[in-house]
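Working notes for the structure below.
The values are calculated or read from the model by the stated rules, or taken from the named source; none is laboratory data. Remember, it's a predicted structure, so these values are computed and weren't measured experimentally. In this analysis, Cβ positions are derived from the backbone assuming ideal geometry, glycine residues included, and neighbour counts consider all displayed protein chains. Calculation scope for accessible area: heavy atoms of the full protein, side chains included, ligands and nucleic acids excluded. Shrake-Rupley method; radii C 1.70, N 1.55, O 1.52, S 1.80 Å.
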Amino acid sequence: MTERTTPRHQRLLVTGGAGFIGSCFVRDLLARRDGSRVVVLDKLTYAGNRANLAPVYADPEQAARLEFVVGDIADAAVVGPLVARSDAVVNFAAESHVDRSILDPEAFLRTDVLGVHVLLEACRLEQERARRGEREAAPRFLQVSTDEVYGSVETGESREDDRLEPRSPYSSAKAAGELLARSYFVTYGLDVVITRGSNTYGPYHHPEKLIPLFLTNAIDDQPLPLYGDGLQRRDWLYVADHAGAIGHVLEHGVSGEIYNVPGGNERTNRTVVAALLERLGKPWSLVRRVQDRPGHDRRYAMDGSRLAALGWRNRTTFEAGLAETVDWFRDNEAWWRPIKSGEWNDYYDRQYRARLAGSTADAGPGVPAPAVPTPRPASPGSSGEGA
Ligand code: NAD
Ligand code: TDX
């Protein structure tokens, strides 16, 4: 296993490049103006949005180095020719929202498992071509995975060799996808690297996720549905740092290795919500305590020493990143309002209508909820946890 440096002028296939993190990766890469060329392959699901690449299209030099293909990573006929002309494949494409995986798991298996398999098979074919001298080198494959594959971590920090104990359909599918990727390194000698990023936030974040949902709801003075006691802990990573770390691993990562990408900003959900409301100048009274997410992971935390040893450092503090994010959402209603329409309303109804109907007020950000809900007489329509 030797360290590999990718060529300076890369031809990259970026799958899921119209999503939140993938588009940041593409924007930042093309803005470096180092001659790299990018093909984005994206199915444009509800989460994909060409507008996420608007800064690229606004710059003719960058736009000339971007090609956009609408298609499915699980479609071998689309994937094969694109991988054939790529030096590396960076796979961001996924169904990415835990709550949707609880409502409808199937799409997660199709994209996050079978889609990864199709990409790996295409890379294997190119490896064969390289061995026959029909191309210079086999493509490198980077699988973007998640801290959620470790499951809920009550204490300490997960290391890359720890057991995987995913607990939601989303995290189980992501674990399967990355295990498959690793198996292609072990079995076929494919050049594979894997990153496990923590909870990412920033501009262009789809409004289904905690921070953008609460920001956009609060801007409209709508209720903020806090699951359970709100004392779950996440480690927040600014999107440009996540995208930068992935680029660093793509360039310097050791083949076959897995790299945790922590944010170094562990916070309870309550603390995060209090901070964003303060920046926005909106009251805590918007917060409603609602029925918890089934199987809700209490905490994620990862050790980042392997990535640090590779020379990567995050650049953005949580305070600076959150301020940037709040201001961006306040200034970019034209981006998020269309997303919160159409299919969004059906999803919001399924996910939140009953929860909000059975919700209760919350006393304040600093008030820890009782670990066990206070028993009370059952009444029709009562929602249980969170009361
Ligand atoms: P996202 O949901 O914003 O974007 C996913 C993108 O993939 C969308 O553009 C969508 O259209 C596209 N896509 C979905 N299915 C596809 C398919 N079958 N073929 C082609 N394109 C498809 O997700 P994100 O938050 O940007 O996450 C990107 C990756 O990073 C995912 O693999 C996710 O598991 C991982 N990750 C996310 C976070 C986070 O906090 N957001 C943290 C760690 C890891
Ligand atoms: O309405 C909500 N209310 C609430 O209390 C939502 C949407 C979330 N939450 C809580 C659940 C979590 O404890 O906030 C926390 C963050 O939730 P999400 O934004 O849904 O993120 P999470 O489930 O932690 O997963 C995210 O990080 C890891 C990404 O969505 C994944 O793609 C990534 O792999």
Can you say whether ALA63 is free of Cβ contacts under 8 Å to residues at least 24 places away in the same chain, away from ligand 1 (no atom under 15 Å from the Cβ) and open to solvent by less than 40 Å² (accessible area, probe 1.4 Å), as far as the supplied structure shows?
yes
Considering only the stretch 330-370, how many residues are loosely packed, with under 13 Cβ neighbours inside 10 Å and either among the hydroxyl-bearing types (Ser, Thr, Tyr) or within 16 Å of ligand 1 (Cβ to nearest atom) (or both)?
5
Scan the stretch 235-249 and tell me whether some residue there is over 25 Å from CYS24 (Cα atoms), surrounded by fewer than 23 Cβ atoms within 10 Å (Cβ to Cβ) and touching a helix residue (DSSP H, G or I) at 6+ places or on another chain (Cβ under 8 Å).
no
Criterion first (out of contact with any Gly (no Cβ under 6 Å at 6 or more places or on another chain), open to solvent by less than 50 Å² (accessible area, probe 1.4 Å) and farther than 30 Å from ARG293 by Cβ) does GLY17 satisfy it?
no
Here, helices (runs of 4 or more DSSP H) confined to the stretch 36-121 with at least 3 residues that are within 29 Å of SER183 (Cα to Cα) and either of a type outside the set (Lys, Arg) or modelled with pLDDT of 95 or more (or both) are 76-84, 98-103, 106-109
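Let's see how each residue does on (1) buried (at least 17 other Cβ atoms within 10 Å of the Cβ); (2) acidic (Asp, Glu):
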| residue | (1), (2) |
| --- | --- |
| PHE92 | yes, no |
| HIS97 | yes, no |
| LEU103 | no, no |
| ALA107 | no, no |
| GLY115 | yes, no |
| GLU128 | no, yes |
| ARG131 | no, no |
| GLN143 | yes, no |
I'd like to check which strands (runs of 3 or more DSSP E) are fully inside the stretch 195-282 and have at least 3 residues that are within 13 Å of ligand 2 (Cβ to nearest atom) and either of a type outside the set (D, E, K, R) or free of Cβ contacts under 8 Å to residues at least 12 places away in the same chain (or both).
224-227
I want to confirm something. Restricting to the stretch 178-194 and keeping residues that are more than 18 Å from PRO166 (Cβ to Cβ) and either within 16 Å of ligand 2 (Cβ to nearest atom) or of a type outside the set (A, V, I, L, M, F, W, C) (or both), which single residue is surrounded by the most Cβ atoms within 10 Å (Cβ to Cβ)?
TYR184
Matching residues in the stretch 130-177 (in contact (Cβ under 8 Å) with a residue 24 or more places away in the chain, more than 16 Å from ligand 1 (Cβ to nearest atom) and not in a loop (DSSP other than H, G, I, E, B)) number 1
For the stretch 140-179, name all the residues that are of a type in the set (A, V, I, L, M) and either in contact with a Pro (Cβ under 8 Å, 6 or more places away or on another chain) or closer than 16 Å to LEU109 by Cα (or both).
VAL144, VAL149, ALA173, ALA175, ALA176, LEU179
If you go through the stretch 179-226, how many residues are of a type in the set (Phe, Trp, Tyr) and either touching a Lys or Arg at 6+ places or on another chain (Cβ under 9 Å) or near ligand 1 (Cβ under 9 Å from one of its atoms) (or both)?
4
Checking ASN52 against (1) surrounded by 20 or more Cβ atoms within 10 Å (Cβ to Cβ); (2) without any contact (Cβ under 8 Å) to a residue 24 or more places away in the chain, which test does it fail?
(2)
Which residues, taken from the stretch 235-277, are within 16 Å of ligand 1 (Cβ to nearest atom), of a type in the set (Asp, Glu) and closer than 30 Å to ASP191 by Cβ?
ASP235, ASP241
Got a number for residues in the stretch 262-291 being crowded, with 18+ Cβ neighbours inside 10 Å and either touching a Ser or Thr at 6+ places or on another chain (Cβ under 6 Å) or more than 21 Å from ALA323 (Cβ to Cβ) (or both)?
6
